[in-house]
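All remarks here apply to the structure that follows.
The values are calculated or read from the model by the stated rules, or taken from the named source; none is laboratory data. Please read all numbers here as calculations on a predicted model, not as lab measurements. Cβ placement follows ideal geometry from the backbone for every residue including glycine, while neighbour counts extend to all protein chains displayed.
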Amino acid sequence: MGSTKVLAQTSSSGPFSSLIDKITQRFNLNRADAQSVFDQYKDDRKNMMETRLIQQLDSLVSSGKITESQKQLILAKRQELQADRVSNLEKFKNMTPDERKKAIADEHQVLTDWAKQNNIDLTLLTGRGLGHFKGMGRSRGWK
């Protein structure tokens with residue numbers, strides 16, 4: 001969702017391609033094997049983070065801070081934001097820093113409006129591995 005910088009790419013041209021190349025050359029490894037280990041590690045991390053997120057949301061439901069319905073809305077919104085981030089990657093690469101800053105501010109506003117419409121306090125979601133949600137609500141009154 002927004003703060004997450006690394007995309008799960010399984011191709012040999014992903015963001016860590018040069019790192020994998022260096023490791024395979026340094027330790028005389030088969031590149032496909034090294035890529036496979038790297039991809040498995042990314043999948044494991046993604047699954048661990050997803051499990052932790054669901055546990056944290058379950059805790060918020062148990063404590064009465066959000067409803068089960070709000071939890072499902074949050075999970076759906078997170079998935080939507082992740083898909084948007086992937087589809088907009090090229091667009092963001094070609095923006096100037098000022099254009100990027102405005103686009104991010106616009107995204108924050110859309111998310112803030114969504115949260116208000118669904119009576120979700122974004123400050124409850126900061127630091128919970130929610131990507132775009134992470135960092136929202138800090139000292140700006142975004143709720």
(request) Could you tell me whether any residue of region 23-31 is over 29 Å from W114 (Cα atoms), in contact with an Asp or Glu (Cβ under 9 Å, 6 or more places away or on another chain) and of a type outside the set (V, I, T)? (result) yes
(request) Tell me which residues, restricted to region 55-90, are of a type in the set (A, V, I, L, M, F, W, C) and either touching a Lys or Arg at 6+ places or on another chain (Cβ under 8 Å) or not in a helix (DSSP H, G or I) (or both). (result) L57, L60, V61, I66
(request) Could you tell me whether region 48-67 includes any residue that is closer than 30 Å to T24 by Cβ, among the acidic types (D, E), surrounded by 11 or more Cβ atoms within 10 Å (Cβ to Cβ) and in the same structural domain as I20 (by TED's automatic domain parsing)? (result) yes
(message) Quick check on region 91-103. Is at least one of its residues assigned to a helix (DSSP H, G or I) and either surrounded by 15 or more Cβ atoms within 10 Å (Cβ to Cβ) or of a type in the set (A, V, I, L, M) (or both)?
(response) yes
(request) Please identify the pairs in which a residue from region 8-27 that is at pLDDT below 85 has its Cβ atom under 9 Å from the Cβ atom of a residue that is of a type in the set (S, T, N, Q), counting only partners at least 6 apart or on another chain. (result) Q9/S17; T10/Q35; S11/S17; S11/Q35; S12/Q35; G14/Q35; P15/Q9; F16/Q9
(message) Can you find a residue that is outside any loop (DSSP other than H, G, I, E, B), in contact with a helix residue (DSSP H, G or I) (Cβ under 7 Å, 6 or more places away or on another chain) and surrounded by fewer than 14 Cβ atoms within 10 Å (Cβ to Cβ) anywhere in region 119-126?
(response) no
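Going by what's in this entry, would D39 be described as out of contact with any Phe, Trp or Tyr (no Cβ under 6 Å at 6 or more places or on another chain), part of a helix (DSSP H, G or I) and under 16 Å from I120 (Cα atoms)? Talk me through it step by step, then tell me what you get.
Numbers: out of contact with any Phe, Trp or Tyr (no Cβ under 6 Å at 6 or more places or on another chain): yes; part of a helix (DSSP H, G or I): yes; under 16 Å from I120 (Cα atoms): no.
Considered against the rule, which asks whether it is out of contact with any Phe, Trp or Tyr (no Cβ under 6 Å at 6 or more places or on another chain), part of a helix (DSSP H, G or I) and under 16 Å from I120 (Cα atoms), D39 comes out as no.
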